[in-house]
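Input: a single structure, listed below in structure tokens.
Computed from the coordinates by the stated procedures, all read-outs in this text should not be read as laboratory data. The model shown is predicted, which means the values in this text are computed figures rather than measured ones.
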Amino acid sequence: MSKSKVKQIEITEPVQERHLRLFHDVARELTSTLDLEAVLTTIMMKMAQFFGPERWSMLLVDEAKGELSYVIAIGENAESLKGLRVQLGEGVAGWVAATGNPLVIPDVTLDPHWHAYAKANPELDIHSIACLPVRSTDRVLGVIQLMNSKFDLLSEYSISFLRMLCDFAAIAIGNSASMKLIRELSITDDCTSLFNARHLYTMLAEIVGNGRGVEFSLVFMDLDHFKSINDTHGHLIGSRLLAEVGSLLKRMIGPNNSAFRYGGDEFVLLLPETDKLRAIELTMRIIDRLRSEVFLEGAGLALQLRGSFGLATFPGDGDTVQEIIRSADSMMYEAKVTRDNLSVSGIGMMYEENGEPVFEPTRKMEPREEVLREVGMQARSSGRTSASEAHSNGTNGLPERVSAAPRARSRHDSAEPLDERRSPTRLS
């Protein structure tokens, strides 16, 4: 064997050993955790050890927005990159993501296009570029970008090695996406795309179990005459109706609250850090919107709905998961059998009589609770004195009918059929 070949082996074997150790470390991280950030950070740190860039980053594609976002940025001026978004086709990373082609330029001064780009963006301080796409089978998931690496390490062999690390990154991203999808499917109701009952119990267990006793409200909702819709129009139409109701609830409750399909035509709203007064306000807005909304127009129908609502607040109406659910569920059943819109645990009933909103307390009201006679009904009482004005001047915006209300019941207390209010209206 010639001396030159011996020398070549002496040089290349240590590099290959380093590569094998690096691949082993990345593979071990890949198989030991599903934490995407941990795996990608390991990959990026290994790249940095080998290529020695001044700064290195990973960007992931947001297909819905046509953008890339920085998920990892390390090195000089890395802090300024956090939260930055890049349009597909824009700059180095955007060009690689849009074309799916790698971009390797050991010296930008030798490439007219990218030299011009570097001169036009002096703050980027670009001398060399190594930017490779992270690909799945049929699309670009993101890019890995190394800026100002050691020139002698941007050889064809080194770039092949870099491509292999990109493949590891693609596997990690794919695993993470699969796990995210599995988790979403496990907590999501197929029909409405709301959370399911399993996730409700999980969230309640977390809130109640944290031991801080943070107040929250729970609203149970049951659609009236849903069975007649299924019987008249079929279960496919019924499912579409449930989906439209779910979409309406999701829009109305805002990002800080959660909506669930509890089962059948029953829904639950979880309102964190929400006392009874504010929960009633939101619930009455939903009741009003539900009554005014026209459903299933796309199916050639025009249906109007009503629902029965039960509201309970933690910890006053129950300090365990089972107790607070039973309390809200009992109130909903109470509203159903007494033909009320809303039954509030420990407070009273709200309903309409002869077209007028009526509040019926179950006990003597405390001064701060008197506003309940008006609160939540403002949306449907345009021109009427507002709740705050009525409370401040001692007037009452709602007629009062005081009588002894029956005890709160659960659906399990009796086998009697539910007393329905009225059939859905089919609009012509």
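General remarks:
- D_trans [Stokes-Einstein, Kirkwood Rh over alpha-carbon pairs] for the stretch 80-138, 20 °C, 1.002 mPa s, µm² s⁻¹: 174 µm²/s
- Computed P(r) (all Cα pairs; the stretch 150-252; 10 Å bins; percent): 11, 23, 23, 16, 11, 11, 4, 1
- Placed amide H near S149: partners under 5 Å, 5+ positions off or other chain: E54, S128
- Too-long pairs where the Cα-Cα distance tops 24 Å, listed order kept, from K46/K119; K46/K180; K119/K150; K65/K150; K250/K276; K82/K250: K46/K119; K46/K180; K65/K150; K82/K250
- Whole-percent P(r), the stretch 107-153, all Cα pairs, 5 Å bins from 0: 5, 20, 23, 21, 14, 12, 5, 0.
- The stretch 239-347 - convex hull of the alpha-carbon atoms, volume per residue in Å³: 101 Å³
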